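Enquirer: Supplied in structure tokens, the structure appears directly below.
Nothing in this text is a laboratory measurement; each read-out follows from the coordinates by a stated rule. Given the structure is predicted, the values throughout are model-derived calculations rather than measurements. Cβ: placed from backbone, ideal geometry, glycine included. Neighbour counts: every protein chain shown.
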């Protein structure tokens, strides 16, 4: 179908290229999203590459990368990064399980394997990745001036 | 280092095409002058339209037919398993290989009133390219293929009739992209179904035979049963349908015997009187014979016709 083409695309491009630093603070936080694409190499074998997409389709595997850097002159303590999951994305884990997650919109937090969901019939079941609404990393060490790092999680387009 | 898990199956229809996925990370920390909160840039990705369709035959088994039967109805469900509103072009194939006969295609019909039953005169005929139906994500539409069975088919012959639905936007190998053709301004991308679906249903000729048994009862003018001029003969013709299926358009015809005269208005079917005129009721007398259209008679049932003549 070919209904309305919105002017949104321009805004999207602008947003993608910007790197926001937290206003008046010495911390830089940058979010990137990549999509895994299957490509066929010249020798005929398959490979998975990460692309920066403008467009995705349901079922696509996404990789979210949050880069942080202390660009100020002093140490940041109790550094916490939170990433609310976009509604159209199902959480698909992290590479190191260093995160805690929320399944109730950020009210309560824990490792996914200890979280429980009360179903409509009153029964309780273990939470699964598709229940996750927020992901949070508590960096347990001070972030010194100039220190940087990145946090990675995976998602699937619902 | 990223670990690449095996890719997961796509969600049935998934996020509606044109939806924006926006991601923002937030950070908090304790700076020199207290807690600080901030946000990252926003990354926005648009969800493309995925073109997927499935077709199913929903008759629940072979559809019974008989030699020469006009108006076989076979039912198919087309489901949009993509994530955008999409029109689908349909084709019917009655000439499949490997089956016993090919019915004659009459037409394809849309279940306009969505009741799952073919309603002649209510449900609209489907004309490709003219009234291709737009189906919403995860929604279905029922279509009927109407055919005629050739007269020469044998008992238990089967015919395969298939319906194919293809996305009007386009088809192709999974991953084929139609730039800007997606709902909501994005691209349209062919999904794992190749944006094309086919399902087959079958017609099966059911064996039915009819046996006619004719009996006569004579009543003479004197209260007896002798065959003399003026005696009335009541003929009774029982048509007994046996086998499986239905005997369609069963017509019972019998000439008036020489030397007798038809008694006006004496035709009955199942003991109900019929008029002699060729009209809305099932019987008529044309001067030389009586004829009764007994309709479609299921196996195991009998239709009995009677009429009277007078010996000249």
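Enquirer: Can you give the calculated 222 nm mean residue ellipticity of the protein assembly as shown, where each DSSP H run of n ≥ 4 adds -39,500 (n - 2.57) and the sum is split over every residue, rounded to the nearest 500 deg cm²/dmol?
Expert: Using -39500 (n - 2.57) per qualifying helix, the result is -500 deg cm²/dmol.
Enquirer: For residue B:39 and residue A:138, what is the calculated FRET efficiency with R₀ set at 25 Å and r taken between the beta-carbons, to the nearest 0.05?
Expert: 0.90
Enquirer: Another question about this same structure. Taking the number of other C-beta atoms within 10 Å as the exposure measure, put B:303, A:125, A:37 in order starting with the fewest.
Expert: On the way: B:303 20, A:125 10, A:37 14.
The most exposed by this proxy come first: A:125, A:37, B:303.
Enquirer: In whole percent, what relative contact order does region B:50-205 give with Cα contacts below 8 Å and a gap of six or more residues?
Expert: Working: 427 pairs, mean separation 57.4, N = 156.
Reported relative contact order: 37 percent.
Enquirer: Put a dot 7 Å past each Cα toward the Cβ at residue A:120 and residue B:240; how far apart are the dots in nm?
Expert: The modelled label-to-label distance comes out at 5.7 nm.
Enquirer: If you stretched the chain out fully between residue A:97 and residue A:148, how much longer would it get, using 0.36 nm times the residue separation minus the C-alpha to C-alpha distance?
Expert: 16.4 nm
Enquirer: A follow-up question, please. Quick one: A:30, B:107, fewest Cβ neighbours within 10 Å first, how do they rank?
Expert: B:107, A:30
Enquirer: So, one more: How crowded by other chains is B:162-174, given as the mean number of beta carbons from other chains within 10 Å of each beta carbon?
Expert: Averaged over the peptide's residues, the number is 0.
Enquirer: Let me have the relative contact order for chain B, percent, based on Cα pairs under 8 Å that are six or more residues apart. Let's see the in-between values first.
Expert: Numbers: 805 pairs, mean separation 52.5, N = 312.
Relative contact order for chain B comes out at 17 percent.
Enquirer: Which translational diffusion coefficient, to the nearest whole µm²/s, is obtained for the protein assembly as shown from the Stokes-Einstein equation, given a Kirkwood hydrodynamic radius over C-alpha pairs, 25 °C and 0.890 mPa s?
Expert: Taking Rh from Cα pairs, D becomes 85 µm²/s.
Enquirer: Averaged over peptide A:151-158, how many Cβ atoms belonging to another chain are found within 10 Å of each residue's Cβ?
Expert: The mean count of partner-chain Cβ atoms within 10 Å per residue comes to 5.
Enquirer: How big, on average over all directions, is the shadow cast by the Cα convex hull of region B:203-312, in nm²?
Expert: Seen from a random direction, the Cα hull of region B:203-312 projects 7.6 nm² on average.
Enquirer: Hey, can you rank A:80-88, B:14-22, B:213-221, B:181-189 by average C-beta count inside 10 Å, highest first?
Expert: My ranking of the peptides, most packed first, is B:181-189, B:14-22, A:80-88, B:213-221.
Enquirer: Here is a follow-up. For region B:1-134, what's the radius of gyration and Dmax over Cα atoms, in angstrom?
Expert: Rg, Dmax (Cα atoms, Å): 25.8, 92.
Enquirer: Give the order of B:99, A:43 when sorted by the count of other beta carbons within 10 angstrom, beginning with the fewest. Present the calculation step by step, with values, prior to reporting the outcome.
Expert: Numbers: B:99 17, A:43 6.
Ranked by crowding around the Cβ, least crowded first: A:43, B:99.
Enquirer: Within 10 Å of each Cβ in peptide A:33-39, how many partner chain Cβ atoms are there on average? Round it to a whole number, please. Present the calculation step by step, with values, prior to reporting the outcome.
Expert: Working: counts 6, 2, 1, 4, 1, 2, 0.
That works out to 2 on average.
Enquirer: Now a separate question. For region A:26-157, max minus min Cα coordinate along each principal axis, in Å, sorted largest first?
Expert: 51, 51, 23
Enquirer: Moving on. Give, to the nearest whole percent, the P(r) tail of chain B beyond 33 angstrom, counting all Cα pairs.
Expert: 53
Enquirer: For residue B:70 and residue A:39, what does the FRET efficiency come to when R0 = 60 Å and r is the distance between their Cβ atoms, rounded to the nearest 0.05?
Expert: Approximately 0.60, to the nearest 0.05.
Enquirer: Another one. Can you tell me, using C-alpha contacts under 8 Å and at least 6 residues apart, the relative contact order of region B:224-312 as a whole percent?
Expert: Rounded, it is 46 percent for region B:224-312.
Enquirer: If you bin the C-alpha pair distances of region B:132-238 every 5 Å from 0, what whole percents do you get?
Expert: Taking all Cα pairs of region B:132-238, the binned fractions are 2, 8, 11, 11, 8, 7, 6, 6, 6, 6, 5, 4, 4, 4, 4, 3, 3, 3, 1, 0 percent.
Enquirer: Let me ask another. At 7 Å along Cα-to-Cβ for each site, give me the label-to-label distance between residue B:232 and residue B:200 in nm.
Expert: 6.0
Enquirer: Over 13 Å, how big is the tail of the calculated P(r) for region B:139-197, in percent of all Cα pairs?
Expert: Counting every Cα pair in region B:139-197, those more than 13 Å apart make up 72 percent.
Enquirer: Under 20 °C and 1.002 mPa s, how fast does region B:50-205 diffuse according to Stokes-Einstein, given a Kirkwood radius computed over C-alpha pairs? Answer in µm²/s, whole number.
Expert: 133
Enquirer: Taking only the C-alpha atoms, wrap a convex hull around region B:200-267 and report its volume per residue in Å³ as a whole number. If you can, show how the numbers build up before the last one.
Expert: Working: hull volume 7.8 nm³, N = 68.
Cα-based convex hull of region B:200-267, divided per residue, equals 115 Å³.
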